[in-house]
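Below: one structure, written as structure tokens.
Readers should treat all values here as calculations from the given coordinates under stated rules, not as data from a laboratory. These numbers come from a predicted model, not from an experiment. For neighbour counting, all protein chains shown are included, and Cβ atoms are generated from backbone atoms with ideal geometry for every residue, glycine included.
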């Protein structure tokens, strides 16, 4: 048990007094609960309203994605990756394509590289806006920030639909490029969306960032130190909110990210407010990338010289990308057939749940909901 | 793809550790795993502070046919059974030095597989080792909370093993399926 | 130091602005509101549906359909029941049986082609792997039935749609596909023609050779004849 | 006539509420029955044209004392309220004696006098009178009471606060 | 006798029926306003059956909702306390219904006899108001306890703690008006504001703001809707209620909103006073309702904007911010009323109150402030 949990437990023992014996209340929050972000359960033990212990329970959506993928061809798993983190199908696609392209190197054409970056950053906007909306919903705002977020998300989903045919389950990336080019006029429409986005962010920040209730509810709630975060494998905005400068777009420089100038916002306190603000700030940086990518994108093919049947030689690889929720990795073992011998997804939201109990203990049940919201999980990915 | 030789200091420090060049992974005997892990986290040994990915791989026993020459010069085909194994794979990165991945593998037998938990070293293994325990059946010594994680507690078997045979229809017994069928028999639901 | 509640007032200004602008801002009225239906007047052009009776746009994909050329569905069916899509379908929702004539000869069309829409996940892999451009994605989604066991199993004749229909729902994509097919066909024909020409040439050459051989034949035969004589 | 009917209804409710309050095994039910009794009592006050007292009765007894009792029950080990153990009835004799003696003592003087007391005419503007009485005639007892209550409040806070403890999330330097 | 009864009915029945139908309208209004705040359209699909009237801006929606509620199955948990589970929604409806009669609405057809009979004419109308609304707490507790659900119980306990705490600033801020008007008769309070509404004095404004905030908490409105905090405890004390019992809670809640807004209008906003009332007395009623709806609009607006406070912050706000401020306000008002020199007492009063509020703000959010962030290249 970590230090934070230990101090909380100590203060709890002080509350217990012989004269006023109070019992603990065990509440099973979920799997049917409005704010567990899907079918997720938290077995919470409460002293009054204070969380004494919390155990996350999941697996309700488990479909053994990995086993399924080991039974089908490499390409056939691509649409299933959409369904991992169904908010970010584009980055899921990318992570899988990246790992597969490490198994069997295929040159990705320039235009496809740019489109990949554009899609990934648009996905990041989708994820972060919605996350902020959901987070505020967990705080008790009656859907207003969420619907503002969805208003913007809708525009981006329209773009996704026009490019890939589907709004959420895009299934757009292929080993060596993209399934198809974007339709005519798409780049101009994307440009319009990107140009209008800062106005929305301004509105969002005005609505939320100085709101005393938001400040009071999120600051110094669920504090996670940088060292603890690294040790617990926390990745993504949650890690950077704890002040650790580790963004795979900078570290691994996959794709063509080294061509874009963007900064990585870092939090200082590692509390819920930082996690929320880091996401807001990251969106601004994503807009910078989008701006440059839409400006520089060349014409040309979007599919590299991929073999008709994807059949890598026996080898193993681990490919990872900076998905909006954290490090999304694919560990593939090829055995020389058309099916992967081992297919493993490293789901960021699953591993980010490692520290949930440490963050929640000592706070109230209302904070537990907020902390869970700030972790940003999607059960499709946690349970796989 | 060439990666720097991060593994070489480990091999020098721990002679029992082997290097699998094809998989580009360090094969660590389970009894040494904790020591190797703790050694690796030291700043001057690479500062591998971030264990990104933990998973299992199941290798079934397989038959290998080998030609061998008899002393009299005729050839003979010898069928030899290679024992299967379970591997627990750790992908390590260093946030401090921005290096990685260094792959660590614990290889354990398929019967009663017991690996050593690295959760005390890297907290990020906690849920992932539980998952390996759940889906592959590898038990981890020293894990603080080794329970099933994705499957339900009453579940038997380890679905990610290659020889796992799934039951005919999961949905039949525990879901309302049966009730629905019963209703159908009474003429309330039409099944095409 | 400000009074408690100043940030709240700032936020309230934002919501009030949205409230007021929802009535007066044209952009917001037409673009950002929940669209009741996409064909609602004033909806921007790029989201307009291809047909008036669906709510989906020309780019969206839904479930697969089989294409046929010409007016007769079975006459012009493109599918040859090669079963590649059946094998590649990630959720395994396609079931195909080949068709045979009375003599038991395979006649390059499916006898049974079923897609279970309750299983299909609209991933479009079948479209990609099809070498015959026989299967494409529909945009029709009003498919609900009261029958949950098999009501969503679409059979061959339900799945067959004409190429014109495809042009109606996905004009751009259909045009591109037709162009490519025409090009491929032209290439194939050219190849065929070349092959034919080559064959012809070869045949001619062969014939010529044969003729030559014929011509030269008597010569060796002569001695035989002679020999025989 | 209407007053008579109302009186009997309210009295019946009050008596029933009181009986239920002492007879229910379920503590929460008992408290709710007691609150019913308080409410009926305030109805009786209204009938006496003492609407100020009636309002205060509701505000203080139903709104505050009742809630306090419910809170107290929530702090006991049986949060659900039903305690199936039989309570010992050892004091029943003295209880009965008390129950008989109280009305006798209260009702004895008028019974001996033989004539019912004449109720005084209901004073107008009871709130104002009460206020001025409290502030002028009974100011010292009022202040003493206020002091007592403040002391009790501080004591309650001290008890609830418990011994010195660290605020959560802050590590105190050793 | 009969005449009195008839008069009573003539007052009570229109109030009950009128406010109940206003409830339906208010649910529609709330959904519409929230929808517009959130860039949605809101309910607009229900048409009047058997007529040409399609949609009607969704005004028929509440009727459809009501029918739906009536038709729904009434689910009582197996382990619930059946009797209390049934009584709680009814009890939650009674107090707001009763206090609505205490509002000094000048019904257009009211005769002098009827006006004298109105509960608002009681000497202790305001006190009665607070007394009866405190009963609401019981209903909430009853519902939370009787459901045998942990969320319900948590919600019930939260509600009780919250309502008891916020009753104090509520009463204290009303006390300022009672002091100024010299009585608790609702009609007299309105009468006392003939020259000037109490909200237009520094202490009146402060009292109004405190009253309004406390009334939000009393009626469990956002941002104080902890007892029914959806994201935390599902629906709080009415988690286990369905069908018509749920509708009754809903109705009770809205009637309480009417009642408390009506009281705010009475105490601070001059009751039914407004332009042209002198010429057309019937307008008084309209003005009264218009002011109520203005307050309700603000409530909806707040609900569309704000997240929810936490329990400890909620209690802290009541005890450490509102209570001291309302106590101070009481002194300021008393001093100003005694002084009776507006040119002196107003600026001083305003300054004192503002200073106190700022000082309390500072102590209240000393550690919560927006931050600046660093970037790594």
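Side notes on the structure shown:
- Across peptide A:202-210, the average count of Cβ atoms from other chains found within 10 Å of a residue's Cβ is 5.
- q = 0.07, 0.11, 0.14 Å⁻¹: log10 I(q)/I(0) that the Debye formula gives for the stretch E:77-363, counting C-alpha atoms only: -0.27, -0.66, -1.02
- Estimated translational D of the stretch D:1-81 in µm²/s (Stokes, Kirkwood radius over Cα pairs; 4 °C; 1.567 mPa s): 98 µm²/s
- With respect to chain A, whose longest principal axis is taken over its alpha-carbon atoms, helix A:272-296 is tilted by about 10°.
- When chain A is treated as a GNM with alpha-carbon contacts under 10 Å, the residue of A:287, A:24, A:187 showing the greatest mean-square fluctuation is A:24.
- Simple spin-label estimate for residue B:31 and residue B:154 in nanometres, 7 Å along Cα-Cβ: 4.1 nm
- Förster-model FRET efficiency, 25 Å R0, residue E:286 and residue E:111, C-beta, rounded to 0.05: 0.80
- Degrees, to the nearest 10: A:89-103 long Cα axis against longest axis of chain A: 60 degrees
- Segments A:263-274, E:231-242 sorted - mean Cβ within 10 Å per residue, highest first: E:231-242, A:263-274
- Choice from A:371, A:289, A:256 showing the highest fluctuation, given a GNM over chain A with Cα pairs closer than 10 Å: A:256
- Partner chain coverage, peptide E:164-172 - average Cβ within 10 angstrom: 1
- For D:31, A:57, A:370, order by how many other beta-carbon atoms lie within 10 Å, fewest first: A:57, D:31, A:370
- Degrees, to the nearest 10: A:3-15 long Cα axis against longest axis of chain A: 30 degrees
- Modelled spin labels at residue B:8 and residue B:68, positioned 7 Å past Cα toward Cβ, are 3.8 nm from each other.
- Efficiency of FRET from Cβ geometry, residue C:140 and residue C:192, R₀ 35 Å, rounded to 0.05: 0.40
- Chain lengthening between residue D:48 and residue D:68 when straightened (0.36 nm per residue, less Cα-Cα): 4.4 nm
- Relative contact order of the stretch E:77-363: 25 percent, from C-alpha pairs under 8 Å at least 6 residues apart in sequence.
- Per-residue ellipticity at 222 nm computed for chain A from its helices equals -15000 deg cm²/dmol, with DSSP H segments shorter than 4 residues left out and the rest contributing -39,500 (n - 2.57).
- Helix-only [θ]222 nm of chain E, DSSP H runs n ≥ 4, -39500 (n - 2.57) each, per residue, nearest 500: -22000 deg cm²/dmol
- Chain E: most fluctuating residue of E:175, E:192, E:35 per GNM, C-alpha cutoff 10 Å: E:35
- Pairs of Cα atoms in chain A fall into 20 Å distance bins, from 0 up to the last occupied one, in shares of 28, 55, 15, 1 percent.
- Average projection area in nm² (convex hull over Cα atoms of the protein assembly as shown, one quarter of hull surface): 77.5 nm²
- Whole-Å distance, taken between Cα centres, linking the stretch E:266-323 and the stretch A:158-183: 52 Å
- Label-to-label distance, nm, for residues given as residue B:145 and residue A:256 (7 Å Cα→Cβ offset): 4.5 nm
- The ranking of B:80, E:371 by Cβ neighbour count inside 10 Å, starting from the fewest, reads B:80, E:371.
- Taking the centroid of alpha carbons for each part, the stretch A:251-325 and the stretch E:6-37 are 55 Å apart.
- For the stretch A:126-140 versus the stretch B:55-118, the gap between their alpha-carbon centres in whole angstrom: 45 Å
- The residues C:101, B:49, A:376, A:195, when put in order of fewest to most other Cβ atoms within 10 Å, stand as C:101, A:195, B:49, A:376.
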